[in-house]
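Asker: Take this structure, written in structure tokens, and hold onto it; I'll ask about it next.
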Amino acid sequence: MPESLAPINHPWRGLWTGLVLGGALSVLAAFVGGVRATTGLLLLLTAVCGLLGIYRPARRLLQVGGSVLVALLFLCLMTPILRGPLAALTLKETPVQADAVVVLGGGVQCGTRALASSSFTRLIMGLQLWREGYAPVVTVSEQSGLIGAANCPKMSVLEREYIRRLYPTGGPQVLTLRNVTTTRDEASRVGEYARIRGWNRVLLVTSPSHSRRAAGIFRAYGVRVVSVPAPEILFDETLPTPEDRLYALKTLLYEGLSRVKFSLGGTPER
């Protein structure tokens with residue numbers, strides 16, 4: 001029997017080692033990697049690692065890979081090494097007079113029927129730019145049926161309700177970017193509004209880590225944008241604590257996985 005198929009002397013010990021490593025990888029995939037996986041897929045990852053742990057070469061590979069992963073994670077958590085990569089993702093420009101403030105969608109909490117924190121923070125920033133007189137129009141996004149559960153409320157509806165509560169009269173003109181799944185969809189919808197309404201320039205509001213990629217996508221669709229990202233609320237961007245660095249790592253991996261997914265022919269997560 002080839003060595004790769006030969007079980008170790010204590011297969012149950014190897015199985016347990018593999019299950020522990022698989023469980024740890026599932027936690028990292030679900031949280032740090034920002035992977036929207038089902039419970040079944042995460043259990044499958046754990047089971048596969050458990051089976052690999054039975055065989056000598058595969059078990060060594062799991063152990064070495066796990067050790068390298070732990071070392072990299074330790075480095076990221078104990079030092080502010082991620083400041084540079086985070087800065088590279090961010091495009092922050094000075095706001096100028098524009099035709100509209102484009103607030104990109106950030107998500108909805110379906111169970112509580114509330115805006116996700118990223119959506120709320122972006123909306124607040126967009127309304128601030130409107131109040132300061134930079135543009136008379138604010139856009140909000142309506143997610144497609146491909147995002148969230150069937151009974152999940154629409155971001156655009158929740159955002160419009162919030163704006164109406166803040167400004168019962170005299171609020172901004174609000175336009176909806178309908179049926180969007182990705183940032184490319186939002187860029188396409190804004191491009192259509194720009195052609196119909198003669199917009200020359202828009203202020204683009206999203207999260208800092210999404211801002212450079214989003215601005216590039218909009219410009220590829222012929223939309224002239226000024227990137228004015230909302231404040232980062234998940235972590236302190238100076239990364240003073242391990243908790244801040246953990247959330248920064250999650251954000252970086254999310255952005256990286258989105259780019260890999262798109263390069264393979266899929267659509268980015270946002």
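Asker: Considering only residues of the stretch 199-230 that are part of a loop (DSSP other than H, G, I, E, B) and without any contact (Cβ under 8 Å) to a residue 40 or more places away in the chain, which is most open to solvent (accessible area, probe 1.4 Å)? Step through it out loud before you land on a result.
Answerer: First pass over the stretch 199-230, keeping only residues part of a loop (DSSP other than H, G, I, E, B): 199-201, 206-207, 221-224, 228-230.
In the following step, the residues that additionally are without any contact (Cβ under 8 Å) to a residue 40 or more places away in the chain were identified as 221-224.
On the way: Y221: 98, G222: 68, V223: 12, R224: 124 Å².
Looking at residues that are part of a loop (DSSP other than H, G, I, E, B) and without any contact (Cβ under 8 Å) to a residue 40 or more places away in the chain, I get R224.
Asker: Search the stretch 155-183 for residues that are farther than 17 Å from G133 by Cα and pair each with any residue that is open to solvent by 80 Å² or more (accessible area, probe 1.4 Å) and modelled with pLDDT under 95 when their beta-carbon atoms are under 6 Å apart and the residues are at least 6 apart or on different chains.
Answerer: Qualifying pairs under 6 Å: T181/L146.
Asker: Hey, among the residues in the stretch 120-164 that are aromatic (F, W, Y) and farther than 15 Å from G106 by Cβ, which one's surrounded by the fewest Cβ atoms within 10 Å (Cβ to Cβ)?
Answerer: Quick first cut of the stretch 120-164, residues aromatic (F, W, Y) only: 120, 130, 134, 162.
Subset that is farther than 15 Å from G106 by Cβ: 130, 134.
Working: W130: 23, Y134: 19.
The extreme case among them is Y134.
Asker: Open to solvent by 40 Å² or more (accessible area, probe 1.4 Å), in a helix (DSSP H, G or I) and of a type in the set (K, R): is that true of R195 in this structure? Can you show your working first?
Answerer: Working: open to solvent by 40 Å² or more (accessible area, probe 1.4 Å): yes; in a helix (DSSP H, G or I): yes; of a type in the set (K, R): yes.
Answer is yes for this residue.
Asker: Being more than 22 Å from G107 (Cα to Cα) and among the hydroxyl-bearing types (S, T, Y) is the filter here, so list the residues in the stretch 186-210 that pass it.
Answerer: Correct list: Y193 only.
The values are calculated or read from the model by the stated rules, or taken from the named source; none is laboratory data. What you are looking at is a predicted structure, and each value in this text was computed from that prediction instead of being measured. Every residue, glycine among them, receives a Cβ derived from its backbone with ideal geometry; neighbour counts consider all protein chains shown. In case anyone asks, the SASA skips ligands and DNA or RNA and just uses the protein heavy atoms, side chains included. Shrake-Rupley method; radii C 1.70, N 1.55, O 1.52, S 1.80 Å.
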